[in-house]
1. For V162, V155, give the ranking by accessible area with the largest first, probe 1.4 Å.
2. I506 accessible area, nearest 10 Å², 1.4 Å probe?
3. What order do D335, D151, D108 take when sorted by accessible area (1.4 Å probe), most exposed first?
4. Evaluate the relative contact order of the stretch 394-529 (contact order divided by residue number), counting alpha-carbon pairs under 8 angstrom at least 6 apart; express in whole percent.
5. Determine the sum of side-chain charges near D129: Lys and Arg each +1, Asp and Glu each -1, restricted to other residues whose C-beta is under 11 angstrom from that of D129.
6. Would you mind telling me the share, in percent, of accessible area of the chain contributed by carbon and sulfur at probe 1.4 angstrom?
7. With a 1.4 Å probe and all protein chains left in place, how much accessible area per residue does the chain have, in Å²?
8. Using modelled backbone amide H atoms (1.01 Å from N, in-plane), which distant-in-sequence or interchain residues come within less than 5 Å of L114's amide H?
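The values are calculated or read from the model by the stated rules, or taken from the named source; none is laboratory data. Please read these numbers as outputs of a predicted model, since none were measured by experiment. Please note: Cβ atoms are built from the backbone with ideal geometry, for glycine as well, and neighbour counts cover all protein chains shown. Only protein heavy atoms, including side chains, enter the accessible area calculation; ligands, DNA and RNA are left aside. Shrake-Rupley method; radii C 1.70, N 1.55, O 1.52, S 1.80 Å.
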Amino acid sequence: MFFKPNNNIVSRIFDRQIRTPAPGTAVNNARRFYENIVPSYTLYNVDFPDHSFRKFTDDGHFLISFSRNHQDLIVYRPKWLSFSYKNEEEKDGCDDSHDLPSKARRFDSFFTQLYCVSLASSNEFICKDFFLYVESNQFGLFATQTAQVYDAPNVEGAIHGVPSVEKITFHLVRLEDGVVLDEKNFCNDFVNLAHSMGVFLYDDLLAIMSLRYQTIHILQIRDSGNLVDVRAIGEFCREDDELFLNSHAQYMVNQAENGLILPHQIRGGSFLSGIKQRLLSFIFRGIWNDETDYSLRVQGLKKFYFHFQDYVDLIMWKVQFLDRHHLLIKFGSVDGGVSRNTDHHPAFFAVYHMETTEFIAFYQNSADELYNLFERFGDHFHATSRNLLYMNFISSHSNNIYALEQLRSSKTKASSFTLFVKKMMTSLPFSCQSQSPSPYFDQSLFRFDEKLISATDRHRQSTEHPIKFISRRHPNILKFKIKPGPEAGGADGQTKKISSFLFHPILPLAISIQHTLLQPSVVNIHFRR
């Protein structure tokens, strides 16, 4: 005898008691409880502190925000709403169809401020789009900088056309009490801090991409809270490269003084950087070794020499860890490195091994082979710590059949496969910690309009209509709705509005913030009542 499964929460709890899930499916089965525990109740236009809210930490312990003048860091601890009634009359008069008591409708009913600490000096400001979280130690990495100088004078080793920032400071903060543990300064440099694009964190390793001086700085975050330099990849690749070149230069000077060589034979400043030399040699050896046919090898080498200067002119745009030893580096033109929109700029991707200082792969952004790797092994490009189990459940086309179907549908509809591949490759390397691990973005559980809301940390065009989250397993059942902005809608439908969403990674709790030009922001809190 068979019974029709009931999906209410009581039935699920009873089912969990009497059944054992199939091996390897325990977590997936537990996450299905989120189909019943949803943030379906909304408090509109909550009176909130005048701060710029950044995000919840990935473990949900902290809510990060900055002061409006971008000088102070303010950290909150999420707490669950609780309140009481004075008498039975009020209790009977406040059910699910009535409003909550006024005291329960405040921001401080959901969050407790832990501290406010100043990070920026008078001529600096906090980069509000930059924040990385070290969960193992509950450290937060923040950045402050001075204003950009776009017409900076040329200095030796700097790339012409890249802006300069007089001072960039990275602050390592213990989030439990707001103590600044260590700082790392970069002077007259440029690091792309928008959406953490120029910095990548993997376990305790930190990669900082200096665009101006074309150097990848690898640092280690110690348990003691120290930022320790591990290596710098750019002009030199090995620790003793600089020593070797300096000793060789001194040898040449000695030879000239002894009359063994002529002074003009001492060439200064003509070396390519170490990273560029290794890239060019990898491309050359690839053509030489892969083509066994002599005529094809000659054609390949002619093409290489024809584009030789183009390869020399490439600069590193962005970097990410693939694991503790391999880096994925994006190369392109100077214009693309400082542009917000890189869609129309040529780009290349290379995989670099830090220990051997060798490149092991090089692709153009239109390469079919690279796209096939991206489609089949997309999760490998989302390098995360093995200790963070819940981060493995962020939906991607590699681990979710619905996301894969959506990707293949887009590929089928594309007018040009090459243009489609280039468009997909613009997302690589992925920005660190740019996706919310909230289960409400799990595409195995819910279906929603990704043009209006998604796990990716970006502002979205606001809409007057609620954003619907529909059950994936029961397509006709609406689970909950998220509506940014005022409950009755905006008075001026022509004014452009954008929204941002902060979802707690574990609790059925979300914050929607609607921004309108020259008007105060509207903050709504969505939770399970």
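1. On the way: V162 5, V155 65 Å².
Greatest to least solvent exposure: V155, V162.
2. 80
3. Details: D335 105, D151 130, D108 75 Å².
Final ranking, largest accessible area leading: D151, D335, D108.
4. Details: 200 pairs, mean separation 23.2, N = 136.
Relative contact order of the stretch 394-529: 17 percent.
5. Charge balance near D129 sits at +3.
6. Working: 14510 of 28440 Å².
Of all accessible area on the chain, carbon and sulfur atoms account for 51 percent.
7. Values: 28440 Å² over 529 residues.
With the other protein chains kept in place, the chain gives 54 Å² per residue.
8. For L114, whose amide H was placed from the backbone, the distant partners under 5 Å are V75, Y76, R77.
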